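Enquirer: Below is a structure I'd like to ask you about.
Just so it is clear, none of the values below were taken in a lab; they were calculated from the coordinates. The model shown is predicted, which means the values in this text are computed figures rather than measured ones. Here Cβ is always computed from backbone atoms with ideal geometry, including for glycine, and neighbour counts include all displayed protein chains.
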């Protein structure tokens, strides 16, 4: 089970009456859990650990337990309470004590459907937090020269996120590409001649990236991909589209905050997201145009191959994602800021004067468009299908 429920109970209360109350309350939540009772020996090992404050008079019991619990987990303390037998009052006293000592916590209390929804959301976040710990994320080459604000604090990322940023020289990848045999690419109809000729080299880059990722035991990577244009006269767009669809987070241009954002998105939603930059913003209506030359194949209903937009060479991806709800997300490189807003993908387009994958998105709150012009977190943002703002805001709270 990924949810564990522990209990705090005053010895003054009748155990039989308390147990009957416990069964009724926990059954009302409609969640799957492992009931651990007063056995805290494995506290913190589950995706979500809930402390069910069953009665009043438990504040002192918790205070004695606190050092042991802190040694087991650095997650916030979630105090579950029915409100019966003075449990809410005790929970408030405990939470106040935690706050006084700079310790994060929350009381989960209210109607059963609210508590159930809140617990399930926290379970998802807890799973993601555990998944992100000990991840190895590769930076192949330095961030592109124009990404002057898109760096990351390696020590802070390790301390807060638990992930390790691994610097890998671009030369290593180029050597692996050179040593990787060219293979005949899968035949695709109606390809421009230049794209057809570039396909074997694009597949070679994909194979080489997989080799480097395996060598360094990476869970994700970002690559200074524009260097490939001059070094091997090809692009990494196809490789990144394939790697992301296979579960390996793979970002463009050496943008580390974008890679971190994609890693968080995948841990929470199972999708890396579409790394793109805004090309046009209507601040009055909240309509925005995002574009980039690669998108995970698993995110689109169909796709086409074209050249890379800026260079006119290699292989670019024009993907058509299903219209509907989306979330725009970005986490800063020092994990101190987060942007997460929902909108709707109105249409995909294929204009010749932009990066190949183009999405017109209507923000749910048009006023949020001002963020991009007044206080953005870099230029690249991550587009994720579905409604995920609540999840993303919650995981940011875990790290702030």
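Enquirer: Among bridges DSSP assigns within the chain, what percent are antiparallel (round to 5)? Walk me through the intermediate numbers first.
Expert: Numbers: 37 of 65 bridges.
That works out to approximately 55 percent antiparallel.
Enquirer: Starting with the highest mean, order 326-337, 150-161, 345-356, 258-269 by the number of other Cβ atoms within 10 Å, averaged over the residues of each peptide.
Expert: Working: 326-337: 21.8, 150-161: 16.8, 345-356: 14.8, 258-269: 26.3.
Most protected by this proxy first, the peptides run 258-269, 326-337, 150-161, 345-356.
Enquirer: Below 8 Å between Cα atoms, with a sequence gap of 6+, how large is the relative contact order for the range 106-171 in percent? Let's see the in-between values first.
Expert: Values: 49 pairs, mean separation 23.4, N = 66.
Computed over the range 106-171, the figure is 35 percent.
Enquirer: Given a cut-off of under 8 Å on Cα pairs at least six residues apart, what relative contact order in percent is computed for the range 3-132? Could the numbers behind the result be given before it?
Expert: Numbers: 180 pairs, mean separation 36.7, N = 130.
About 28 percent, as a whole number.
Enquirer: Mind sorting 186, 390, 287, 15 by how few other Cβ atoms lie within 10 Å of their own Cβ, fewest first? Walk me through the intermediate numbers first.
Expert: On the way: 186 7, 390 15, 287 18, 15 10.
So the residues, fewest neighbours to most, are 186, 15, 390, 287.
Enquirer: Add -39500 (n - 2.57) for each DSSP H run of 4 or more in the chain, then divide by its residues: what number comes out at 222 nm, to the nearest 500 deg cm²/dmol?
Expert: Calculated from helices alone, the mean residue ellipticity at 222 nm is -11000 deg cm²/dmol.
Enquirer: Mind pulling the angle between the C-alpha long axis of helix 87-100 and the longest principal axis of the chain? Nearest 10 degrees, somewhere in 0 to 90.
Expert: It is inclined by approximately 60 degrees.
Enquirer: Next question, about the same structure. Shape verdict for the range 29-163, please, from the Cα gyration tensor: rounded (a/c under 1.5), prolate (a/b greater than b/c) or oblate. Could you put the intermediate results ahead of the total?
Expert: Working: a/c = 2.43, a/b = 2.10, b/c = 1.16.
Prolate.
Enquirer: Now for a different question. Helix 193-215 sits at what angle to the longest principal axis of the chain, using alpha carbons and giving 0 to 90 degrees rounded to 10?
Expert: So the inclination is approximately 40 degrees.
Enquirer: How high is the relative contact order of the range 136-399? Use alpha-carbon pairs under 8 Å, at least six apart in sequence, and give a whole percent.
Expert: On the way: 609 pairs, mean separation 50.9, N = 264.
Taking the mean separation of contacting Cα pairs over the length of the range 136-399, I get 19 percent.
Enquirer: Something else: Give the order of 182, 209, 69 when sorted by the count of other beta carbons within 10 angstrom, beginning with the fewest. Display every interim value, and only then the final one.
Expert: Numbers: 182 10, 209 26, 69 18.
Final ranking by Cβ density, sparse to dense: 182, 69, 209.
Enquirer: Now for a separate question. In a Debye calculation with equal point scatterers on the alpha-carbon sites of the range 152-205 and no solvent, what is log10 I(q)/I(0) at q = 0.19, 0.22, 0.25, 0.28 Å⁻¹?
Expert: -0.73, -0.81, -0.93, -1.03
Enquirer: In whole angstrom, how far apart do the alpha carbon centroids of the range 306-327 and the range 265-298 sit?
Expert: Each part reduced to its Cα centre gives a spacing of 11 Å.
Enquirer: Further question: Could you tell me whether the chain comes out rounded, prolate or oblate from its Cα gyration tensor? Rule is a ≥ b ≥ c as square roots of the eigenvalues, rounded for a/c under 1.5, then prolate if a/b exceeds b/c, otherwise oblate. Let's see the in-between values first.
Expert: On the way: a/c = 2.59, a/b = 2.10, b/c = 1.23.
Since a/c reaches 1.5 and a/b is larger than b/c, the shape of the chain is classed as prolate.
Enquirer: Over the alpha-carbon set of the range 116-226, work out the extent along each principal axis and list the three values in angstrom, largest first.
Expert: 54, 34, 28 Å, listed from the longest principal axis down.
Enquirer: Taking 56 Å as R0, compute the FRET efficiency from the Cβ-Cβ separation of residue 323 and residue 66 and round it to 0.05.
Expert: Values: r = 50 Å, r/R0 = 0.89.
About 0.65, to the nearest 0.05.
Enquirer: Here is a further query. Report the gain in length on full extension from residue 362 to residue 96: 0.36 nm times residue separation, minus Cα-Cα distance, nm rounded to one decimal. Each step should come with its number before you reach the end.
Expert: On the way: separation 266, 0.36 × 266 = 95.76 nm, distance 4.15 nm.
Roughly 91.6 nm would be gained on extension.
Enquirer: Which angle between 0 and 90 degrees, to the nearest 10, do you get for helix 15-28 versus the longest principal axis of the chain when only C-alpha atoms count?
Expert: The helix 15-28 is inclined about 30 degrees to the chain.
Enquirer: Assign one of three labels to the range 245-325, namely rounded, prolate or oblate, based on the Cα gyration tensor with a ≥ b ≥ c the square roots of its eigenvalues; rounded applies when a/c is under 1.5, prolate when it is not and a/b is larger than b/c, and oblate otherwise. Each step should come with its number before you reach the end.
Expert: Numbers: a/c = 1.32, a/b = 1.04, b/c = 1.27.
Since a/c stays below 1.5, the shape of the range 245-325 is classed as rounded.
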